[in-house]
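Worksheet: one structure, shown below.
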Amino acid sequence: MQAPVQFTLRNIKHSPAIEAHIMQKAEKLNKFSDRIISCHVTAEMEHTRSGDLYNVRINVTMPSKKELISTHNQKENLYVSIADAFDDMARQVEETSRMMQGHVKHHDEILHGEIARLFMSDEFGFIETPEGDEYYFNAGSLHHPHFDHLKVGMPVRFIAAWDDEGPRAHRVSAKEKE
C-alpha cells in the first residue's frame, strides 16, 4: 500500500489485539494487488435490544480514483465482522486488479448441495455436496433468503472458495424443497 492503513473505532475500546487483527487482514490485501493506494477501516459497535452488534466498513482506493467499499453489518462478533469484510474486499481488489491489467474475468463454477448443519444463534452452517464435500458458510455469504429462513436439507447453489480455514461457500442461494 502506498499509504499507511488507517482505522477508526467507534464505541469500541482500542486494544492491541484489534489493531493487530485489522493490520494483519489489511496486509493480506497486498497479495491481490500491489497498486492499492490507501485503505481505511471503520469498525463500530451498535447497542440494540438484542445485544451489541458490530459494523465494519472498508474503503480501498486504487488508481484512476477507483474506490472499493465493503460493508459487513450486524455481526455479534467483531473479529468475524472484520474477517468477512476483508474477505469481500480481497475479492473486489483482485477483480479490479484483473480488470486494470486487461484480464477477462472468468465465471466461477456454481455448485449444488444442501444444508447439512445450521447454527442459528451464530448465523453459520455447513453445506454438503452430493460428493460428500462440506463447505462452511455464514450469513454474510448468503445471497437469498435471510438466514432465519434456512432449514437443514434445503437445496442450495453456491460458489466454492478456499481460504486459510478450509473450504467456504460464497454467494449462497437456497430455495424451499418442492
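Scanning for something out of contact with any helix residue (DSSP H, G or I) (no Cβ under 8 Å at 6 or more places or on another chain) and of a type in the set (Gly, Ala, Ser), does region 119-126 turn up at least one residue?
Scanning region 119-126 turns up at least one residue that is out of contact with any helix residue (DSSP H, G or I) (no Cβ under 8 Å at 6 or more places or on another chain) and of a type in the set (Gly, Ala, Ser).
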For region 161-178, the count of residues that are modelled with pLDDT under 90 and over 14 Å from Asp88 (Cα atoms) equals 8
Please go through (1) farther than 26 Å from Glu27 by Cβ; (2) in contact with an Asp or Glu (Cβ under 9 Å, 6 or more places away or on another chain) for Gly140 and return the number of the only condition it doesn't satisfy.
(1)
Subset of region 120-148 [in a helix (DSSP H, G or I) and touching a residue at least 12 places away in the same chain (Cβ under 8 Å)]:
Met120, Asp122, Ala139, Gly140, Ser141, Phe147, Asp148
Count of region 21-72 residues which are of a type in the set (D, E, K, R) and closer than 17 Å to Met100 by Cα:
6
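Conditions (1) in contact (Cβ under 8 Å) with a residue 60 or more places away in the chain; (2) surrounded by fewer than 15 Cβ atoms within 10 Å (Cβ to Cβ), marked per residue:
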{"residue": "Leu9", "(1), (2)": "no, no"}
{"residue": "Phe32", "(1), (2)": "yes, no"}
{"residue": "Pro63", "(1), (2)": "no, yes"}
{"residue": "Phe86", "(1), (2)": "yes, no"}
{"residue": "Gln92", "(1), (2)": "no, no"}
Only one of Ser81, Ser173, Ser97 is surrounded by fewer than 15 Cβ atoms within 10 Å (Cβ to Cβ), in contact (Cβ under 8 Å) with a residue 24 or more places away in the chain and either of a type in the set (Gly, Ala, Ser) or part of a strand (DSSP E or B) (or both), namely Ser173
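The values are calculated or read from the model by the stated rules, or taken from the named source; none is laboratory data. In this text, all values refer to a predicted model and were calculated from it rather than measured experimentally. Quick reminder, even Gly has a Cβ in these numbers, built from the backbone with ideal geometry, and neighbours come from all protein chains shown.
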